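The values are calculated or read from the model by the stated rules, or taken from the named source; none is laboratory data. Source: prediction; values computed, not measured. A quick note on method: Cβ atoms are made from the backbone with ideal geometry, for glycine too, and the neighbour counts reach across all protein chains shown. Areas reflect the complete protein model, heavy atoms only, side chains present, ligands, DNA and RNA absent. Shrake-Rupley method; radii C 1.70, N 1.55, O 1.52, S 1.80 Å.
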Amino acid sequence: MSECRDECGVVVLYHLPGGEVSPLAPDGDPNKISRLIPRMLLDLQNRGQLAAGITVYNPEKNNILNTYKDVGMVTEVFQLSRRSRQQQILNQYEGPAAIGHVRYATCGGDDPNYAQPFERKHLRRYKWFSFCFNGQIANYQKLRDKILDDPTAHLSRDTDAELFLYYLSTAIAYYNKRNAADQMPPADLLGVFQEACSHFDGAYTIAYLDAMGNLFVGRDPQGMKPLCYSIDGPLFAAASESNALLNLGIDPEKIKYLGAGELITIINGKVEIRQAIPSTRRAHCFFEWIYFANVASTLETRSVYLARKALGEVLADMEDVPLVNFGTGERDLIVVPVPDTSKAAAAAMAYKLGVPCLEGLIHNRYVGRTFIEGGKSRMDRARMKYTPLREVLEGKRILLVDDSIVRSTTMVAMLKRIREVGKPKEIHVRITCPPVIAPCFYGVDMPTVGELFAPQFLRGGPNTAEHGAKMAEVLGADSLRFIPVSSIESCVGLPKKDLCCACVDAEYPTPEGIERYRYALNQVAWNGAPNDACKNDHCNCCRK
C-alpha cells in the first residue's frame, strides 16, 4: 500500500530524579538517557521517512531545551553510519529527558521547518516548551480561520502542528500565573492539555516537554492513534508502538497502553496518570493492524502479527480458485505476498489452503518513495518498486496478497510488470482490507473520494461479485477479492464499536469527520451526474 501513509511516530524518555539509576542509562549516567532516542526512532521508521528530530531537556546547559531535527531518515539525520559525527550529535544533545519524532508529510514537503519537534523559545522557563504529535486535526481549517480573524495573531505554516503551538501557548499563559511571592507554582499540565484539546476534533497523541523539566503525553478522547508506555523504576518511556520499548530492553510485562483521553504528567519528578478528557467511545484506527504498525508491535493488547495472520485465514476461507489446475492436473497454485506488510497474512492463507507461499516479488528498498512523486515519475517508480522473480512465477497461478488498494497506481503497474517479467498463467489479487471508499481526516494520507479506486465502481453501494470483476479487469487481474468489513472485528480482536473504520464504511466517529465527508461527496460526480442526482438507497450521498 505504497499510496497511503500514516503521518508520524513519537517517542519519550524521562529518567526520574533520585538515587536509583536505570540499568538502561548509557554508561550508568541518567543524563545520557536521551542518547537512546535515535534507537527508538529507528523502530518507528515505518511511520515516517521524511524527517526526524529530538528535543532534550538538560538544566545544566544554557540551552535548557535543545532541539535537533532535519529532513531525512533516522540514519541520515543522526548520522548513524558515521560514528564520529553521530557521537558529536549525541554528545551535544544529551540530557535526562527527551522527546523524539519521525515524520511523514501531508504538507510542507521536504521543508525542514515542518520537521518536529516544534520548540517555542521564551525567556520565562514555564513558557519555553517543545512538543511533537502524531495525527491530524479534522477541524484544522475552521480553527486556522478563527485564529487569523484576530488581527494580532499570525500563523506562518500550513500545518496543524502550529495549531497545537498556538493553543498550548494560550493555555499555558492562562494556567501558569505567578503568585504574589513571584514564585512559579507547579504547572497545571492537566489544565493546559484539557484547554488546548477542547478546540480539537481529530486524532492525536502528543508529547510535551518544557524548560521547567515538566512533561506530559496525552491521547485524543477516541484513542485513534496508538500510544504505549512503561514505568520501570526511575525510567519513564513512551512510544507510538510497543516494539520501540521492547527493543530498548524494557520488560514486555511492564508495557501498558494509554487509554483514550488519558494524560500522563511528570511534574517535580512525580508521575501521574489521569483521565483528562471524557471518552464516550473508542475509535482505534483499524488500519494500524492491517498496515501501518510494525508486525512486531502490540496495540491495545492485540498483536499486529496475529491480526494479520487472522486476515490471511479469512482470505483462505473465502477462496474458490481450484487448488489443482483442471486443465493440466498440476498443483500450480501458489501464494505470493506483496512485501512487506502482507507476508504474515499470505503465509497464514497458504498454510490453511495447503499451498506453497513463495516470495515471487522482491522489494527494491532503495528506489524511493512513490507516494510523494507525481505524474509519470510516480508511475515509473511504482513499476520499479518490486522485482518479479520469473523462476518462481512462470507458469503458475498466483494468489497475490496485498494489504489494500487506494488509488490503484501501484497495483496496476505491479500487475503489468508481473505479467511481463514473471510470465504467470493467472493472477488473482486478494486484499486483506475492505474496499477503501472514503478519505481519512484523522492523520492517514488518503486522497479525495474522486481519486480513490473503489468508489467509482461501488457508487456508495455494497461490493458485489460483479463490481469485483470490473475492478479486476481495470487492474489487469484475473480476479479480485477483498476482506469484508464484517471480518475486521474478529481479526483485530476488538469490537467494531471500538474501532474507526471510516475509510471502508464511511462511518466517521467525530462530527467534523461526518461533515467533511458529506462535503467531499458533493464534490464528486459519477459519469458526469452531480451527486444530488443519485437516488441509490444504499449510497451514502443520499442519506438524510
- Hey, V474 hits all of (1) open to solvent by 60 Å² or more (accessible area, probe 1.4 Å); (2) outside any helix (DSSP H, G or I) but one; which does it fall short on? (2)
- Message: With in a loop (DSSP other than H, G, I, E, B), aliphatic (A, V, I, L, M) and at pLDDT 95 or above as the only criterion, which of L36, L24 stands out?
- Response: L24
- Message: Contact list please: Cβ distance under 9 Å, first residue in segment 449-471 and outside any helix (DSSP H, G or I), second residue of a type in the set (D, E, K, R) and open to solvent by less than 60 Å² (accessible area, probe 1.4 Å), pairs at least six apart or on different chains.
- Response: L452/R407; F453/R407
- Query: Of the residues that make up segment 82-100, is at least one in contact (Cβ under 8 Å) with a residue 24 or more places away in the chain and touching a Cys at 6+ places or on another chain (Cβ under 9 Å)?
  - Reply: yes
- Please verify whether segment 269-282 includes one or more residues that are open to solvent by 50 Å² or more (accessible area, probe 1.4 Å) and over 16 Å from G223 (Cα atoms). yes
- Task: Could you tell me which numbered condition Y291 fails, if it satisfies all but one of (1) outside any loop (DSSP other than H, G, I, E, B); (2) more than 19 Å from the chain's Cα centre (by Cα); (3) aromatic (F, W, Y)?
- Result: (2)
- Starting from segment 137-149, keep only residues that are small (G, A, S), then list their pairs with residues that are not in a helix (DSSP H, G or I) whose Cβ atoms are within a distance under 7 Å, requiring at least 6 positions of separation or different chains. A138/D201; A138/G202; A138/F441; A138/Y442; A138/T510
- Query: Any idea which of I398, I437, I405, I488 is touching a Pro at 6+ places or on another chain (Cβ under 6 Å), within 23 Å of D320 (Cα to Cα) and either at pLDDT 95 or above or buried (at least 16 other Cβ atoms within 10 Å of the Cβ) (or both)?
  - Reply: I398
- Query: In segment 311-369, what count of residues is obtained for those that are closer than 21 Å to S408 by Cβ and out of contact with any strand residue (DSSP E or B) (no Cβ under 7 Å at 6 or more places or on another chain)?
  - Reply: 5
- Note on the structure: Of those in segment 10-21 that are at pLDDT 95 or above and under 25 Å from G218 (Cβ atoms), the residue surrounded by the fewest Cβ atoms within 10 Å (Cβ to Cβ) is L16
- Scan segment 412-434 for residues that are under 21 Å from the mean Cα position of the chain (by Cα) and not in a loop (DSSP other than H, G, I, E, B) and jot them down. I431
- Quick one: in segment 408-428, which of the residues that are in contact with a Ser or Thr (Cβ under 9 Å, 6 or more places away or on another chain) and not hydrophobic (A, V, I, L, M, F, W, C) is most open to solvent (accessible area, probe 1.4 Å)? R417
